[in-house]
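Nothing in this text is a laboratory measurement; each read-out follows from the coordinates by a stated rule. Every value quoted in this text rests on a predicted model; they were computed, and no experiment measured them. Using ideal geometry, Cβ is built from the backbone for each residue, glycine included, and neighbour counts are taken over all protein chains shown.
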Amino acid sequence: MVVANARDVKHVPGRKTDVNDAQWLQQLHAYGLLRGSFHPPADIATLRAYLRQRERLLDYAAAHIQHMQKALVQMNLQLHHVVSDITGKTGMRIIRAILDGVRDPLTLASYRDARCKAAAKTIAQALAGNYRPEHLFALSQAVALYDVYQRHVAECDQHLEALLARLCAPVPPADPLPAPRHTTRQSNALSFDARAALYAMLGVDLTQIHGIGPALALKLVSECGTDLSKWPTAKHFTSWLCLAPGNKISGGKVLSAQTRRSKNRTSALLRLAAVNVGKTDSALGAFYRRLAMRVGKAKAVTATARKLAILFYNTLRYGMDYRDPGACDYEQRHRTRVLHNLSRRAKQLGYTLEPAPVEGVS
């Protein structure tokens, strides 16, 4: 039994009923003409289920963060203007103090964390409001529900940590874990060291690729698995992700080269990573910015996501050791390639390309 892609047989004419469709599919399967869709192994499917459940819980918790912010605004407490994240240490300390009955703005501002950029005086000015009982009630319920979902997220993290410990390779990697590129902790990060757990399971560090952090690497592995030999080449992998250009040709003329629409979660994750890569001082970031200036951001995101998919494929399947050359090196290589093409074109036309003389030099 296989789960086939309906796109492979939907253009067959003359079979429009469910019965005829089922008979036609059975005949194609008997001849071996149906391609089965990708299904991860049982352990990877379990990992994927835990991660999707965790993501769903975070979405539910985000709704209650909005409820907390709404209740604060209704009481004229502009905490979100002085604190970037009201669920951080400073924000939650102040909110819990408000629910405990503290009303003095200076006292509330004293709960400020030492790393908070806003001064205590600025925070106190934002906390002079009208504490109405109905809004305090709404705030208390939002905080209670937010705490419930955070406890469920912690339970998911415990199951994930135990599952990754079981999936570790029997023989640990010979090389030690490379130093992380970033040491800052992201919001909603896993409560355990996912980077070390992935390295023990895969033997490679996917986070060395720009744009791929520990959480994203874990999600990519849960969606694609650890054995990428199911896709013979990186081109097959990018085609499965619907990140490769289309190839609609008739009579030698290219009718369309657009990528296919897809709801593939891996493709969506790589597109989000491509947007973040465009802000970095890396070779991929320089590629994204050059392409965005020339053909637009939408196509630049797709092209950069495709490059990330190729790096992910080669690293996970062949153990490629990725080292980013940097934006300057990419710009220099691009300039060299452009000059080479111009020189070749000028030679074909019977001219010689020479550099312009520098001003002030005889």
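Of all the options Met92, Met68, Met201, the one that moves most in a Gaussian network model of the chain with Cα springs shorter than 10 angstrom is Met92.
Largest GNM mean-square fluctuation across Leu58, Leu339, Leu190, computed for the chain with C-alpha springs under 10 Å, falls on Leu339.
Determine the gain in length on full extension of the stretch Glu155-Arg335; use 0.36 nm per residue of separation and subtract their C-alpha separation, reporting nm with one decimal. Numbers along the way, then the final one.
Working: separation 180, 0.36 × 180 = 64.80 nm, distance 5.21 nm.
Stretched out fully, the Glu155 to Arg335 stretch lengthens by 59.6 nm.
The stretch between Phe192 and Lys248 holds 15.5 nm of extra length on full extension. This uses 0.36 nm per residue minus the Cα-Cα distance. Partners of Lys121 within straight-line reach, counting aspartates and glutamates whose Cα lies under 17 Å from its Cα and excluding those fewer than 8 residues away in the same chain: Asp104, Asp113. Among the listed pairs Lys89/Lys117; Lys299/Lys347; Lys117/Lys219; Lys235/Lys347; Lys248/Lys299, those whose Cα-Cα separation exceeds 24 Å are Lys299/Lys347; Lys117/Lys219; Lys235/Lys347. As a proxy for reagent exposure, ranking Cys156, Cys168, Cys242 by other Cβ atoms within 10 Å from fewest up yields Cys168, Cys242, Cys156.
Order by neighbour count: Glu354, Glu331, Glu223, fewest other Cβ atoms within 10 Å first, most last.
Details: Glu354 8, Glu331 15, Glu223 21.
Ranking Glu354, Glu331, Glu223 by Cβ neighbours within 10 Å, fewest first, gives Glu354, Glu331, Glu223.
Quick one: Debye curve from the alpha-carbon atoms of the chain only, equal weights, vacuum; give me log10 I(q)/I(0) at q = 0.10 Å⁻¹ to two decimals. Each listed q maps to, in turn, -0.89.
Measuring max minus min along each principal axis, the C-alpha atoms of segment 42-164 give extents of 55, 32, 21 Å (largest first).
Remark: the Gln348-Val295 segment gains 16.3 nm on full extension, using 0.36 nm per residue and subtracting the alpha carbon distance. Taking 7 Å steps out from each Cα toward its Cβ at Glu134 and Arg260 produces label points 5.4 nm apart. Compared with the dominant Cα axis of the chain, that is its longest principal axis, helix 89-99 is turned about 40°.
Go ahead and run the numbers for FRET between Gln141 and Ala114, Cβ-Cβ distance against an R0 of 25 Å, rounding to 0.05.
Details: r = 31 Å, r/R0 = 1.22.
Once the sixth-power term is evaluated, E becomes 0.25.
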